[in-house]
Amino acid sequence: MLLIPCPWCGDRDETEFSCGGEAHIERPAKPAGMSDDQWADYLFLRSNPKGRHLERWLHSQGCRRWFNVERHTVSHHITAVYEMGKKPPKASKTSKAGK
Amino acid sequence: MTRYSIFSLLRNAATYHQDWQRVWRAPEPRDSYDVVIIGGGGHGLATAYYLAKNHGITNVAVIEKGWLGGGNTGRNTTVVRSNYLWDESAAIYEKSLKLWEGLSQDINFNVMFSQRGVLNLAHNQHDLRELSRRTNANRLNGIDSETLTPAQIKSFCPILNTEPSARYPILGASLQRRGGTARHDAVAWGYARAADQYGVDIIQNCEVTGIRRKRGRVTGVETSKGFIATGKIACAAAGHTSVVADMVGLRLPIESHALQALVSEPLKPVLDCVVMSGSVHVYISQSDKGELVMGAGLEPPISYAQRSSLHTIEEMMASVIELIPITSRLRMMRQWAGIVDTCPDASPIIGKTPVEGFYINCGWGTGGFKSTPGAGWAYAHTIAHDAPHEINAPFTLERFSTAALIDEHGAAAVAH
């Protein structure tokens, strides 16, 4: 089980949260001009990395707010938490190694 | 290689079973192969076997980074069934079930396939309607499926709590009698032995670290045992498909998640079928050793860690006790997790990719084990002919652009 540091409520158990999947996937600004492949990329294709992953979480059983998390998908270490709309932290050596 | 039979068993009994032959060779990789299969689990080995048997392609290597069947083949809950909703899924899962029915004879290895029946429970009106819709769809596709009333469920599987006073009363069920379980390790070993007899090289402890390409075509794989040249690379690395695809710059509609299972201490025989409940969220069967084998849903966050987590186990146990109250004092013996790769429509991808000579078989989510023979059979056809067979033609990567999705979330549910 993950211990997730909610930016507003502090450390809480994973069971209080809902996982929102990969972060920073933006809805296309001009959807009418997009090809089917571009739509598929937006809707379905995911980076699914083995290592550093940027993802969204919702504190659904707490403050009900969304935020972003940088987490390692093998060690499950959470290396950064930042607000929605903010840019992700630069990938550091420690975040890649999951320490 | 000796054929396994009652006579070989008797002959070896005379020498106290000291003289059994090695089951497959352990060759060093050659410089080049016609086909290199990445992943030595059930799917990869089945593909190698059908490539050799059905298509005469024997210059094949199966490359496995660990040991055979050490990934999801050895981590699933061994359930086999084909009661999926849509025609496309029915075709491929039923092909698989038909192959299961003759598999032990075909590969001369006892995979302990036991058609003990798979029961899918309904706990509310919506479940009942969905199950009856699926039963009807199955029957139209020639797949055996029937619906049971609570009284029939009680007589078919007496240890289930069919009392109307249950918190989530059982209102009905669908039953596929031809479904059941198989010994998962034996599937990997049996296919490995059968493929090896055709001359397929099975190379363990050999990790693929890169894929070489020239003018859009694959030319070989970099491995921990050196470079191996090949014109055709078939990925069968469930869970790690995105990692392998990344080596050729391919993005996929795949996410990797941990799926957990656990077994109890051994009991006297109490459960002679497979029970699944999408609403109470667990599936359970009893192994030949007497352990209750159970599993539940996926962990939502992406993960490549083959670890379990306590809250999922607690939910699973609560569900088991709800369905089978006599398990409340049962102790659990082992728990583990496997990494499955899931597609947005809960259906697999088997076929070609935009990279010439690079094929993928992935996205089986929680349904990979039951599909092993059928997927290997269709994947081998796809690789041999450089074109899909009609049963895997709908399961393309392109369907995510054309929107011809095959939504099997209902049939996959908890339990695959």
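The values are calculated or read from the model by the stated rules, or taken from the named source; none is laboratory data. Every value quoted in this text rests on a predicted model; they were computed, and no experiment measured them. Neighbour counts are summed over all protein chains in view; Cβ atoms, including those assigned to glycine, are modelled from backbone coordinates with ideal geometry.
Each row is one residue, and each column tells you yes or no for (1) small (Gly, Ala, Ser); (2) at positive phi.
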residue	(1), (2)
B:75	no, no
B:78	no, yes
B:94	no, no
B:105	no, no
B:119	no, no
B:131	no, no
B:146	no, no
B:151	yes, no
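Looking only at residues in segment B:317-350 that are within 14 Å of chain A (Cβ to nearest Cβ) and among the aliphatic types (A, V, I, L, M), the one that is farthest from residue B:237 (Cα to Cα) is B:318. Pull up segment B:307-316, narrow it to residues that are surrounded by 18 or more Cβ atoms within 10 Å (Cβ to Cβ) and modelled with pLDDT under 90, then point me to the one that is nearest to the other protein chains (Cβ to nearest Cβ). Result: B:309. Regarding residue B:242, is this residue facing chain A (nearest Cβ under 10 Å), within 24 Å of the chain's Cα centre (by Cα) and in a helix (DSSP H, G or I)? Judged against the criteria, residue B:242 is a match.
Yes/no matrix, rows are residues, columns are (1) surrounded by 13 or more Cβ atoms within 10 Å (Cβ to Cβ); (2) in contact with a Cys (Cβ under 8 Å, 6 or more places away or on another chain):
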position	(1), (2)
A:7	yes, no
A:12	yes, yes
A:20	yes, no
A:31	no, no
A:36	no, no
A:43	yes, no
A:51	yes, no
A:54	yes, no
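Of the strands (runs of 3 or more DSSP E) lying entirely inside segment A:1-91, those containing at least 2 residues that are more than 10 Å from chain B (Cβ to nearest Cβ) and closer than 28 Å to residue B:308 by Cβ span A:3-6, A:10-13, A:52-58, A:66-72, A:78-82.
One residue stands out in segment B:266-306 among those that are farther than 22 Å from residue B:365 by Cα and among the aliphatic types (A, V, I, L, M): the one that is nearest to the other protein chains (Cβ to nearest Cβ), namely B:292. For residue A:66, the test of being farther than 22 Å from residue B:240 by Cα, among the aromatic types (Phe, Trp, Tyr) and in contact (Cβ under 8 Å) with a residue 12 or more places away in the chain is passed. Kindly indicate whether residue B:366 is within 14 Å of another protein chain (Cβ to nearest Cβ) and of a type in the set (S, T, N, Q). For residue B:366, the condition - within 14 Å of another protein chain (Cβ to nearest Cβ) and of a type in the set (S, T, N, Q) - is not met. Of all the numbered requirements in (1) closer than 23 Å to residue B:361 by Cβ; (2) small (Gly, Ala, Ser); (3) crowded, with 21+ Cβ neighbours inside 10 Å, residue B:229 misses one, and that requirement is (3). The criterion of being in contact with a Ser or Thr (Cβ under 6 Å, 6 or more places away or on another chain), of a type in the set (A, V, I, L, M, F, W, C) and buried (at least 21 other Cβ atoms within 10 Å of the Cβ) does not hold for residue B:346.
Checked against (1) on the phi < 0 side of the Ramachandran plot; (2) assigned to a loop (DSSP other than H, G, I, E, B); (3) of a type outside the set (Ser, Thr, Tyr), residue B:346 passes all but condition (1). Among B:103, B:9, which is the only one that is in a helix (DSSP H, G or I) and more than 27 Å from residue B:395 (Cα to Cα)? Going through B:103, B:9 in turn, the sole match is B:9. For beta carbons closer than 6 Å, sequence separation of 6+ or different chains, a first residue in segment B:298-312 that is more than 18 Å from residue B:283 (Cα to Cα) and a second that is basic (Lys, Arg), the qualifying pairs are B:304/A:50. Taking every residue in segment B:390-408 that is more than 11 Å from every other protein chain (Cβ to nearest Cβ) and pairing it with any residue that is aromatic (Phe, Trp, Tyr), at least 6 positions away or on another chain, the pairs with Cβ-Cβ distances below 7 Å are B:406/B:86; B:408/B:84; B:408/B:86. Listed conditions (1) part of a loop (DSSP other than H, G, I, E, B); (2) in contact with a strand residue (DSSP E or B) (Cβ under 6 Å, 6 or more places away or on another chain); (3) at the interface with chain A (Cβ under 9 Å from one of its Cβ atoms) are all met by residue B:256, apart from (1). When B:82, B:114, B:132 are checked against the criterion of being buried (at least 20 other Cβ atoms within 10 Å of the Cβ), among the hydroxyl-bearing types (Ser, Thr, Tyr) and more than 16 Å from residue B:324 (Cβ to Cβ), B:82 stands alone in meeting it.
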